[in-house]
Amino acid sequence: MNWAVTTYDSAFGYVSAHGAPLVDLLDPQPGERIIDLGCGTGTFTAQIAERGAEVLGIDGNPEMIAQARALNPGLSFAVGDAHTFTTTEKYDAVASNAALHWMNRDPDAVIARVHAALRPGGRFVGELGGAGNCAELIAAMQTAWRVFGLGEPELPWYFPSPAEYAARLEAGGFTIRLLEHADRPTRMTEGPDGAADWVRTYAAGALAEVPPELVEPLLARINDLAAPALRRESGWVADYVRLRFAAVRKADTAAAAPEAPPGF
Ligand SMILES: C[S@@+](CC[C@H](N)C(=O)[O-])C[C@H]1O[C@@H](n2cnc3c(N)ncnc32)[C@H](O)[C@@H]1O
């Protein structure tokens, strides 16, 4: 996945803005050791650090990590793939904002790596695109690709349903404390060319497969197709659907449950 790192923060700052309440769900405590998985340029990492936790931002993209280090000189960052990263010590929590849906190669492997990084009782708190996320944007892309004789665009995302992700978390050794799946229409305040800008930023890989002379007409068609659902008088709105969860790593060996008192 190639990210336009320099434009990422300024053009789509709302990705991070929406992470703000997630830090409250994570509830970092002073001195806790926390990983921010898929940290990007480190905005959410910094929010965690502000609560007094010791935080390590991990991201698969070296350019993101370089930018994160430049923007947050006092914080720790490392390049690592969420499917394979390992830690030498156990952490109190792993948090992830707007990143797990990009880790589409093997979601169970990501959950297994998070499990291995946590101490028993450690928290896994995240927010990702859920089933139905960006359905209008994706439908407009797929239709435009077909109209231009390009077949199906290759989409790089994993948008699970709550039931599917809950099953993966439980099979991966977690107890779920909270799971929400909610529409979150989001104004594209900094993406003035609407759906086209969204595709340029988030579907750059699919766009790179398109013959150069077709890119602009294709994007214009995507805007035409998406506008009835997503363009308001006040501007474009992305049809985001978010899946948010808080889970706890189970103990390695469950203690025998005490017997219920008579009559319970
Ligand atoms: C939309 S950004 C979110 C960044 C940040 N969490 C925030 O709230 O602004 C998604 C990030 O996930 C990272 N990412 C995608 N796949 C990854 C993987 N397999 N391992 C680690 N990071 C990955 C990308 O490089 C990108 O920085």
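The values are calculated or read from the model by the stated rules, or taken from the named source; none is laboratory data. Everything quoted here is computed from the prediction, not taken from an experiment. Positions of Cβ are backbone-derived with ideal geometry, glycine not excepted, and every protein chain shown enters the neighbour counts. The accessibility values were calculated without ligands, DNA or RNA, using every heavy atom of the protein model including side chains. Shrake-Rupley method; radii C 1.70, N 1.55, O 1.52, S 1.80 Å.
Residues in segment 5-249 average 43 Å² of solvent-accessible surface per residue, probe 1.4 Å, ligands and nucleic acids excluded.
Sorted into 5 angstrom bins from 0, the C-alpha pair distances of the chain split as 1, 6, 12, 16, 18, 15, 12, 8, 5, 3, 1, 1, 1, 0, 0, 0 percent. Ordering THR88, PRO107, HIS181 by the projection of their Cα atoms onto the charge dipole of the chain, which places +1 on the Cβ of Lys and Arg and -1 on the Cβ of Asp and Glu, puts THR88 at the extreme positive end. PRE reach from GLU154 (point 7 Å along Cα→Cβ): which of segment 96-136 fall under 17 Å by backbone N? Taking a point 7 Å out along Cα→Cβ of GLU154, the residues of segment 96-136 whose backbone N falls under 17 Å are 102-106. For MET188, list long-range residues whose amide hydrogen, built 1.01 Å from N in the peptide plane, is under 5 Å from its own amide hydrogen. Counting only residues 5 or more places away or on other chains, the set is TRP236, VAL237, ALA238. Note on ARG105 and ASP24: the model spin-label points, each 7 Å out from Cα along the C-beta direction, lie 3.6 nm apart. Taking the dipole about the Cα centre of the chain, with the C-beta of Lys and Arg at +1 and of Asp and Glu at -1, give me whichever of LEU218, ASN97, ALA204 is farthest to the positive side. Value: ASN97.
Residues of the chain were split at every exposed loop site, defined as GluC sites (Glu not before Pro) in a DSSP loop with at most 16 other C-beta atoms within 10 angstrom, and the longest piece left, sites excluded, is 1-88. For segment 5-249, the carbon plus sulfur part of the accessible surface works out to 51%, probe radius 1.4 Å. Taking every C-alpha pair closer than 8 Å and separated by at least 6 residues, the mean separation divided by the residue count of the chain gives a relative contact order of 21 percent. Put simply, the amide H of PHE77, placed in the peptide plane, has neighbours under 5 Å in GLY57, leaving out anything fewer than 5 places away on its chain. Couplings for segment 73-86, taken from phi via the Karplus curve 6.51 cos²θ - 1.76 cosθ + 1.60 with θ = phi - 60°, read x, x, 9, 9, 9, 8, 7, x, 8, 4, 6, 9, 5, 10 Hz in order; Gly and Pro are left as x. Distance between the pseudo-spin-label points of LEU214 and SER234 (7 Å out from Cα toward the beta carbon): 3.7 nm. Close amide H contacts of VAL241 (hydrogens built in the peptide plane, cut-off under 5 Å, sequence separation of 5 or more or a different chain): GLY130, ASN133, CYS134, ARG184.
In a reduced charge model with +1 at each Lys and Arg Cβ and -1 at each Asp and Glu Cβ, the chain shows a dipole moment near 420 debye about its Cα centre.
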